[in-house]
Structures are given as structure tokens and as C-alpha cells.
Amino acid sequence: MPVAVYILGLSVFALGTSEFMLSGLLPPIAADMDVSIPQAGLLISAFAVGMVVGAPLLAVATLRLPRRTTLISLISLFGLGQIAGALAPSYELLFASRVVSALACAGFWAVGAAVAIAMVPADARARAMAVMIGGLSIANVLGVPLGAFLGEHLGWRSAFWAVGAASAVALVGILLRVPRIPLPAERPTLAHELRIYRDRQVWLAIGITALAAGGVFCAFSYLAPLLTDVAGLESGWVPWVLGLFGIGALVGTTIGGRVADAHLFGVMIWGIVGSTVFLAALALLASAAVAAVGLSFLIGVSAFFTAPALNARMFNVAGAAPTLAGATTTAAFNLGNTGGPWLGGTVIDAGWGFTATAWAGAAMTVTAIGLALAAVRLDRRTSLPSRVVGSSVTVPTADPSGVRA
């Protein structure tokens, strides 16, 4: 694996820390900015929506720009967004800094994924994506708890300064180690790239990704109150359990990345099946603290075990438009990260309790399994070439080397 791919993973660590660290900083931000906790929570929603909108928008805007130059510009803009957040004198300016950071983050994800894929052979795509997603997993294990620690002891602004420093380190790494990726002989055009959306497999991949991610985050977003109000744990245990979820995510990413290149559909389907089983078990066993803690780890494993395959699948079906493929994957994940928590909040507001978020999440992942099976059937129909003679179809046979003809 090229060192440059690990540099991109380091960059994603900074991006992921910024995206998720606000969950542990909302009370001090609300107090400092003189807003309510729900208003402070809108800073998280603003980032997620910015990711959904920004990924395809910036992918299109930078379509003809050199990839390395684009990465340098976006990580620089992201770092400036963190500095602006650290210095923001008002809630409105902090909100604006989050939107700018989200746009830069989305664009970097889209372009960075395309660069990582371009630097490795086709049979190493899932491993390359696993390195990038591993940066996100480590952000959950180390970055988010560290942000909460800094916020508690040095003020919430210190967490923004820390992410800004991590962005500067990533910028230096990109300048030194990421090579120039030559543009294709035929300059890409928007019309050509948009053709990928004519493919049913692309839309199936979007649906699978959004539902698989949304199902997990439907429950994960409300894991803290479930652990305290249903499982009966003290609030001091919550950061440790969230960290355990992050460790599970790192384990899942590592295993999934190594297996997905050879067994892409198997990893995709069985990973989502695992998430469904663990979410249902969480709904049934949430009142038992040991079970709730153990299942939090297993849900992290299954969710991120699937992630490299979901990313690689999009590049396989949309290879003619790698930049938009990365942007589409980013948008799909963030659709899930936005829609899942919304559904979880809806079932809680309906009076069904915190365990209902796990049932709702399982319903989303079951739907994702159905779409994945449909993608398998469609892939088998379209990937087995047949020879038509007159009105009859010749069934594919094996050639002497054992490869299907």
C-alpha cells in the first residue's frame, strides 16, 4: 500500500474528529454561546447536511483540476475552518465555520477516495478504502474522546485548535508524499461523469450504503441515553462504551478491508446481516448492562466491516466517473448519518422508548439486505456474457483454463 494512502488516512482522522467531536462539546458550547443544547446540536446537523451537499458539488466544481492541487486546497480550507471555529465570537459565525468545514471535508473525501483508488491496482481497492476509513475509526477511538478531554480541561475552543494542528500535519504529508495524479488524455466532462446515474447498480449502491449506515447510526446516536436510562449504567461509563464502539469499528475496518477485495458481496451482505442481528439483540437485551456494552462493540465491528466493501462497490459500478463515485459514496453515507438519527428521534418522540431506535435501525438494515440481494442478482445477469445466435442464446461455458467464457 503506498505511503500516500496512509497520508490520506491521517487526513481523514482530522476530518472525522472534527465531524464527531461536537457530541462531547455541546454543553460548554451552548453555555459559552448562550444558546440551548438543541440549538448547539444544529451544529452537528449543519456539518452532516454540508457533507451531503458538498460532496457532489465540489466533485463537479473540481472535475478538471489536478487532484493533488485540489487536495491541498481542500485540507487548507478545512484547517482554516477549524481556526475560524476556535476564534468564533458568536454562534452564527461558529455555525458558518461548520458549514465551510463540512464542504471542504466532503470535497476532500470525494477527491481523496478517487486518488487512493488511482494509486492501487483494482484488486486492492477495498484495502485502500479501509486505510481511509481506518482514519475515521481511529477518530472515534482517539480523536473524539481527546476532543472531549480537551474541552473539559482547556475549553471547547482548544479542541478546534487541536484539529487545526492535525490538519496542518496532514497538509505537510500531502505536500511531501502524495504524487501528482495525471489527468486522463481525454479531459473529463460533467456530461460524461453524470452518465453513471443511468446505471441501476449505482442507485442500488447508494440505497444500500445509506440504509446500512443509517440503520447503525439510528441506534448509535441515542446509545448514551439507552446505556444510562435502560441499561442502568452511570454516565461516566458512556465515553468508555463509545470508545469500545470505536475499537470495534477499527477491528471491523481492518478485517473487512483485507477480505472485501476477494469477497465483496459476501462482506457487504454478511456485514449488514450482522448489524441487523446485533441491533435486534440490543433492542431485546438493552436492560442488561453487560449485553448492551458487548453489543455496542459488535455493532461497531459489523458496521465498519461492511464499509470498505460499500466504498469499493461504488467505484466498481461507477469506474467511468471516479470523482463522482467518491462524491456519491460520501453523500450516501451522510444521508444515512442524517436520516438514521432523524428516524431514531421520531420513534422516541412517538413514546416508544430508546430501545425502539435499535428496532428502527434493524428495519433499515433489513431493507439494505434486500437491496444488496437485488444488486447480486442484477450483477449476475449482466456480468455473464452470452452469445446470441439467431433467436437462441448460447449458455456461457468454461474455457480450457477454467475461466468462464
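Selection of region 116-154 for residues being within 22 Å of Phe304 (Cα to Cα) and either assigned by TED's automatic domain parsing to the domain that holds Leu264 or not in a helix (DSSP H, G or I) (or both) yields only Val120. Checking each residue in region 197-253 for being hydroxyl-bearing (Ser, Thr, Tyr), in a helix (DSSP H, G or I) and more than 21 Å from Leu324 (Cβ to Cβ) picks out Thr228, Ser235, Thr253. When the criteria are applied in full, Phe265 fails the requirement of being aromatic (Phe, Trp, Tyr), more than 26 Å from Ala118 (Cα to Cα) and either within 14 Å of the chain's Cα centre (by Cα) or part of a helix (DSSP H, G or I) (or both).
Mind checking which residues of region 70-93 are of a type outside the set (A, V, I, L, M, F, W, C), part of a helix (DSSP H, G or I) and either surrounded by fewer than 24 Cβ atoms within 10 Å (Cβ to Cβ) or in contact with a strand residue (DSSP E or B) (Cβ under 7 Å, 6 or more places away or on another chain) (or both)?
Answer for region 70-93, where residues must be of a type outside the set (A, V, I, L, M, F, W, C), part of a helix (DSSP H, G or I) and either surrounded by fewer than 24 Cβ atoms within 10 Å (Cβ to Cβ) or in contact with a strand residue (DSSP E or B) (Cβ under 7 Å, 6 or more places away or on another chain) (or both): Ser73, Ser76, Gly79, Tyr91, Glu92.
Evaluated against (1) part of a helix (DSSP H, G or I); (2) touching a residue at least 40 places away in the same chain (Cβ under 8 Å), Arg64 falls short on exactly one condition, (1). Exactly one of these conditions fails for Trp109: (1) at pLDDT 90 or above; (2) assigned to a helix (DSSP H, G or I). Give me its number. Against the list (1) at pLDDT 90 or above; (2) assigned to a helix (DSSP H, G or I), Trp109 comes up short only on (1).
Using the structure shown, decide if Val100 is within 20 Å of Ile206 (Cα to Cα) and β-branched (Val, Ile, Thr). Spelling it out, it is not the case that Val100 is within 20 Å of Ile206 (Cα to Cα) and β-branched (Val, Ile, Thr).
In this structure, is Ser287 outside any helix (DSSP H, G or I) and of a type in the set (Ser, Thr, Tyr)? Yes.
The values are calculated or read from the model by the stated rules, or taken from the named source; none is laboratory data. Predicted model, so just to flag it, every value in this text is computed and none were measured. With ideal geometry, Cβ positions are generated from the backbone for all residues, glycine too; neighbour counts draw on all protein chains shown.
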